[in-house]
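Working notes, structure below.
The values are calculated or read from the model by the stated rules, or taken from the named source; none is laboratory data. Here the structure is a predicted model, which is why all the values come from computation and not from measurement. Every residue, glycine among them, receives a Cβ derived from its backbone with ideal geometry; neighbour counts consider all protein chains shown.
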Amino acid sequence: MKKFFVADLDGKLPGEMLTLNGWAQDIRILKNVGFIVLRDQTGLVQITVKKDTEPFSMLGDISRESVIMVKGAVPEKIQSKIGREFIANEISILNIAGSPLPIGIADEVEVDFDTRFNNRFMDLRKPEHSRIFRAKSAILWGIRSFLMSQGFTEVQTPKIVSAATEGGADLFRVKYFEKDAFLNQSPQLYKEMLIASGVERVFEVGPAFRAEEHNTPRHLNEFTSIDIEMAFADHNDAMHMLENAISHGIENFLNKVPEALQFSLLKSPPKTPFPRITYEECVSILAENGLKVNKGEDLNNEQLKIIGSRFEGFYFITHWPREVRPFYTSVLEDNENFTKSFDLQFREIELTSGAQRVHNPETLKRKIEEKGLDSSNFEFYLKTFRYGMPPHAGWGLGLERLTQVILNLPNVREASLFPRDRTRVFP
RNA sequence: GCCCCGGUAGUGUAGUGGCCUAUCAUACAGGCCUGUCGAGCCUGUGACUCGGGUUCAAAUCCCGGCCGGGGCGCCA
């Protein structure tokens, strides 16, 4: 049906009869001429309607945001400030838009988050909102193609599960016929089971669910997790894979999305390797700033801001104390108080958590119990460690948070088409 | 889970007890206008989150509900 896009008009010769489809963003009727600003996913064009032509009489019937088809041609000389112009010979209204609009598109009026998300389909007609998802798509595509080039297989694992992955985060409970089940908070256990299956490098892009009642600009209750797991690898290998994946994702975004530089915070792919700082070094820096971190304690937001201010962009915090890491995290050979783990940070925002994993089944069982969990609930998982499990490492990367920091969005909800937060389950 | 803040036309706002018959912008309707482009000018339509209370009088004060924004904790 649709032959080409508005942006394809560039370079077309006058006189060639063409058909455009799109939304009538604005209509201006003067005494002797009329104009429609037509929008499609590629941009805007001014449709010029001369008084002596047949479509002039119907201009008044076209409401803003109506869907129209226009036949015509580009003029000899473009006079519109938009930079694209099209002289209409014939206009058809394909679907009239109601009025008033729930959100104005051409209006220069601020709209609250709540109104925006209640009317997300309208909100996304604004290019500054829809382009976030073109960016997100391109970032993900770059990461995906990089992982594919490194011998990874993309997998899909269950989101309805019977047991908690890590015991920490709260899970959403669902009815599963006569049983209780949960929405998975992470594909962690399944990724590791696939390592035991002999698929040496796996990744998954899928939803993760957290039933935490937080209300912040960086939390979603359903988010997209990019998760990898690789056999015969340690935490350093996993960090290499991560920084290169992110760099490729950003490179693909900057190269493939029109006008990416205009709205991206990052103007070029970040240089690898990313800087690394250990947890103990962070504690020392904070001590110099008069902030005390108790032994084995996580760093809070205030503390992460201070650490983050020392770096331009992405950086790793490595060797976290064992107390703040899940049971499947392996510890350093020469100091069991610290782990072969890392977080990827951008300023104070945590983007990734990763580690080398425990691969010895007895150690793993002991660590599950040390965390106060019932190891019998993890038998399906532990079993896969008893018949030939390689050493392995991996990470989970939050796609919405990554998009948020690359585009410098004030709120992570903007990087989710239909965000799920503490109070929103609609639309 | 704890704490703070907010809810006024379709949208975004002004308003802190009587001068509110509620401000402004934008949208919408009608009119004017030699090509406009955040068009301009004129006229008009349109709103106090819900329930209870205080008061001679409530958009305004109090209590509760509903809805939202944020901080902490926790996390990706």
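The C-beta contact set for the range A:392-416 (first residue closer than 18 Å to A:ARG347 by Cα, second residue near RNA strand B (Cβ under 9 Å from one of its atoms) and basic (Lys, Arg), distance under 7 angstrom, 6+ apart or interchain) comprises A:ARG401/A:ARG218; A:VAL412/A:ARG218; A:VAL412/A:ARG401. Checked against the criteria, A:ARG84 counts as near RNA strand B (Cβ under 10 Å from one of its atoms) and within 22 Å of A:PRO127 (Cβ to Cβ). The set of residues in the range A:304-324 being within 11 Å of RNA strand B (Cβ to nearest atom), surrounded by 20 or more Cβ atoms within 10 Å (Cβ to Cβ) and within 25 Å of the chain's Cα centre (by Cα) consists of A:LEU304 alone.
Against the test of being within 22 Å of A:PRO269 (Cα to Cα) and touching a Leu at 6+ places or on another chain (Cβ under 6 Å), the options A:ILE143, A:ILE226 yield a single qualifying residue, A:ILE226.
Candidates are the residues of the range A:401-417 that are over 16 Å from A:ASN215 (Cα atoms) and in contact with a Pro (Cβ under 9 Å, 6 or more places away or on another chain); the one that is farthest from RNA strand B (Cβ to nearest atom) is A:LEU409. Only a single item in (1) more than 14 Å from RNA strand B (Cβ to nearest atom); (2) in contact with a helix residue (DSSP H, G or I) (Cβ under 8 Å, 6 or more places away or on another chain) is not met by A:PRO217, and it is number (1).
Would you pick out the residues in the range A:333-366 that are surrounded by 17 or more Cβ atoms within 10 Å (Cβ to Cβ) and more than 30 Å from A:PRO410 (Cα to Cα)? Those that are surrounded by 17 or more Cβ atoms within 10 Å (Cβ to Cβ) and more than 30 Å from A:PRO410 (Cα to Cα): A:PHE338, A:THR339, A:LYS340, A:GLN356, A:ARG357, A:VAL358, A:HIS359, A:LEU364, A:LYS365.
Of all residue pairs spaced 6 or more apart or on separate chains, those with beta-carbon atoms under 7 Å, a first member in the range A:10-37 that is surrounded by fewer than 19 Cβ atoms within 10 Å (Cβ to Cβ) and a second member that is assigned to a strand (DSSP E or B) and among the hydroxyl-bearing types (Ser, Thr, Tyr) are A:VAL33/A:THR48. Filtered by the rule that a residue be within 9 Å of RNA strand B (Cβ to nearest atom) and touching a residue at least 24 places away in the same chain (Cβ under 8 Å), the range A:62-78 gives A:SER63, A:ARG64, A:GLU65, A:PRO75. Scan the range A:230-249 and give yes if some residue there is assigned by TED's automatic domain parsing to the domain that holds A:GLN156, touching a helix residue (DSSP H, G or I) at 6+ places or on another chain (Cβ under 9 Å), outside any loop (DSSP other than H, G, I, E, B) and among the acidic types (Asp, Glu), otherwise no. No: zero hits.
Just one of (1) more than 19 Å from the chain's Cα centre (by Cα); (2) surrounded by fewer than 17 Cβ atoms within 10 Å (Cβ to Cβ) fails for A:PHE385. It is (2).
Among the numbered conditions (1) within 27 Å of A:TRP141 (Cβ to Cβ); (2) aliphatic (A, V, I, L, M); (3) not in a helix (DSSP H, G or I), the only one that A:LEU254 does not meet is (3).
Within the range A:100-119, residues that are at pLDDT 90 or above reach partners that are within 6 Å of RNA strand B (Cβ to nearest atom) and among the hydroxyl-bearing types (Ser, Thr, Tyr) with beta carbons closer than 7 Å, at six or more positions or on different chains, in the pairs A:ILE103/A:THR115. Are any residues in the range A:325-376 farther than 19 Å from A:GLN185 by Cβ, of a type in the set (Lys, Arg) and either touching a residue at least 12 places away in the same chain (Cβ under 8 Å) or within 15 Å of RNA strand B (Cβ to nearest atom) (or both), and if so, which ones? Within the range A:325-376, A:LYS340, A:ARG347, A:LYS365 qualify. Taking the conditions (1) surrounded by fewer than 19 Cβ atoms within 10 Å (Cβ to Cβ); (2) under 19 Å from A:GLY354 (Cα atoms); (3) at pLDDT 95 or above in turn, A:ALA233 satisfies each one other than (1).
Here A:VAL155 fulfils each of the conditions (1) away from RNA strand B (no atom under 16 Å from the Cβ); (2) buried (at least 19 other Cβ atoms within 10 Å of the Cβ) apart from (2).
Scanning the range A:276-303 for residues that are within 12 Å of RNA strand B (Cβ to nearest atom) and in contact (Cβ under 8 Å) with a residue 40 or more places away in the chain yields A:GLY296, A:ASN301. Inspection of the range A:193-209 identifies no residue that is in contact (Cβ under 8 Å) with a residue 60 or more places away in the chain, within 12 Å of RNA strand B (Cβ to nearest atom) and charged (D, E, K, R).
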